[in-house]
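Chemist: Once you've had a glance at the structure underneath, I'll fire off some questions.
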Amino acid sequence: AQRIVVKVGTSTLIHSNGKVNLQAIDQLCYTLTGLVNEGKQVVLVSSGAIGVGMGQLGLHARPEAIPAQQALAAIGQSGLMAVYQQRFALYGQRISQILLTHDVLEYPTSRKNALNTFERLLEWGVIPIVNENDTVAVDEMDHYTKFGDNDQLSAIVASIVDADLLIMLSDIDGFFDKNPRKYPDAKLFERITQIDEEILEAAGGKGSKFGTGGMTTKLKAAQKMLENDKMMVLANGADPAIIFDLMKGEARGTLFA
Ligand code: ADP
């Protein structure tokens, strides 16, 4: 794959005690810089803004109210970008910030403008770091997307830039036939070729304390990729260097293809 979208979840970026996982972010920046230096074009979709905002205000539970979440995202987004800026600079990698909403594909002019921006950044060897523009995204009642769902946003980004591969990093080794946190005998799917009812059922409900999507939104993202004849890998982001193994063609996590 030449053009890769990497999505990293809150559970990878924020410790369960609420602290930013600087080690994971550092590893991620090191790894993605390595890919760019190999000539790959890399887009990072990063969650974590609300988590960083919660940390800055000393909150221990995610507030229910959407405006509070939006405000926390606004607080945390700049903090998160400051961390990325600093860590990527260690490796001499330039970055940029792109904030999008899920409806970008529905407006041809917006889509075209977004693509033009991505193209130029990628041509310059800059990594775009994408997040949902939470200040204006209030679609929580929408039937196919919901507030803070960067899983599906990452598939939308992959579609805009026509990426061959979406790598989704989470706090779990891949997609299992049931939630491995509840059922120790859960079995990992090594490869999934289509998303059917049975697969969707295995996804169960919401995930971790700080994560938002759980598996359902990851499967919807996979479905979008499969529809466009593109690949997605769901793998554990505890060690982001796993991306190097994936690029060598080694089997890690769950391959959707
Ligand atoms: P992220 O913040 O990385 O997007 P989430 O916390 O939203 O991650 O989702 C990952 C979580 O989904 C896992 O930690 C696990 O608890 C839960 N989960 C539910 N069903 C499954 C399944 N079938 N296979 C793997 N994980 C599952």
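Chemist: Please indicate, with yes or no, whether at least one residue in the range 175-184 is at pLDDT 95 or above, touching a strand residue (DSSP E or B) at 6+ places or on another chain (Cβ under 6 Å) and either part of a loop (DSSP other than H, G, I, E, B) or surrounded by 23 or more Cβ atoms within 10 Å (Cβ to Cβ) (or both).
Modeler: yes
Chemist: Look at GLY39 and say whether it is surrounded by fewer than 16 Cβ atoms within 10 Å (Cβ to Cβ) and on the phi > 0 side of the Ramachandran plot.
Modeler: Yes; evaluated as a whole, the condition is true for this residue.
Chemist: Quick check on THR212: is it at pLDDT below 95, surrounded by 20 or more Cβ atoms within 10 Å (Cβ to Cβ) and over 18 Å from THR254 (Cβ atoms)?
Modeler: The answer is yes for THR212.
Chemist: Restricting the range 150-174 to residues that are within 16 Å of the ligand (Cβ to nearest atom), surrounded by fewer than 24 Cβ atoms within 10 Å (Cβ to Cβ) and acidic (Asp, Glu), which is modelled with the lowest pLDDT?
Modeler: Among residues in the range 150-174 that are within 16 Å of the ligand (Cβ to nearest atom), surrounded by fewer than 24 Cβ atoms within 10 Å (Cβ to Cβ) and acidic (Asp, Glu), the one modelled with the lowest pLDDT is ASP171.
Chemist: Looking only at the range 157-194, count how many residues are over 18 Å from GLN41 (Cα atoms) and touching a residue at least 60 places away in the same chain (Cβ under 8 Å).
Modeler: Going through the range 157-194 one residue at a time, the tally reaches 12.
Chemist: Exactly one of these conditions fails for GLU190: (1) modelled with pLDDT under 95; (2) more than 7 Å from the ligand (Cβ to nearest atom); (3) over 19 Å from the mean Cα position of the chain (by Cα); (4) not aliphatic (A, V, I, L, M). Give me its number.
Modeler: (1)
Chemist: While we're on this one: Are any residues in the range 1-37 touching a residue at least 12 places away in the same chain (Cβ under 8 Å), away from the ligand (no atom under 12 Å from the Cβ) and in a loop (DSSP other than H, G, I, E, B), and if so, which ones?
Modeler: Within the range 1-37, ALA1, GLN2, GLY18, LYS19 meet the criteria.
Chemist: What residue, among those in the range 73-96 that are in a helix (DSSP H, G or I), more than 12 Å from GLN56 (Cα to Cα) and of a type in the set (A, V, I, L, M, F, W, C), is nearest to the chain's Cα centre (by Cα)?
Modeler: Of everything passing the filter in the range 73-96, MET81 is nearest to the chain's Cα centre (by Cα).
Yes/no per residue for (1) of a type in the set (Ser, Thr, Tyr); (2) surrounded by fewer than 17 Cβ atoms within 10 Å (Cβ to Cβ):
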{"position": "GLN23", "(1), (2)": "no, yes"}
{"position": "THR33", "(1), (2)": "yes, no"}
{"position": "GLY48", "(1), (2)": "no, no"}
{"position": "GLY53", "(1), (2)": "no, no"}
{"position": "LEU72", "(1), (2)": "no, no"}
{"position": "SER78", "(1), (2)": "yes, yes"}
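Chemist: Shifting gears a bit: From the list VAL6, VAL83, VAL52, which residue is modelled with pLDDT of 95 or more and under 20 Å from VAL157 (Cβ atoms)?
Modeler: The conditions single out VAL6.
Chemist: Go through the range 97-129 residue by residue and tally those that are among the β-branched types (Val, Ile, Thr) and over 19 Å from the mean Cα position of the chain (by Cα).
Modeler: Qualifying residue count for the region: 2.
Chemist: Still on this model: Residues that are more than 15 Å from the ligand (Cβ to nearest atom), in a loop (DSSP other than H, G, I, E, B), crowded, with 17+ Cβ neighbours inside 10 Å and over 14 Å from the mean Cα position of the chain (by Cα): does the range 231-254 have at least one?
Modeler: Scanning the range 231-254 turns up no residue that is more than 15 Å from the ligand (Cβ to nearest atom), in a loop (DSSP other than H, G, I, E, B), crowded, with 17+ Cβ neighbours inside 10 Å and over 14 Å from the mean Cα position of the chain (by Cα).
The values are calculated or read from the model by the stated rules, or taken from the named source; none is laboratory data. Because the structure is a prediction, the values reported are computed rather than measured. Using ideal geometry, Cβ is built from the backbone for each residue, glycine included, and neighbour counts are taken over all protein chains shown.
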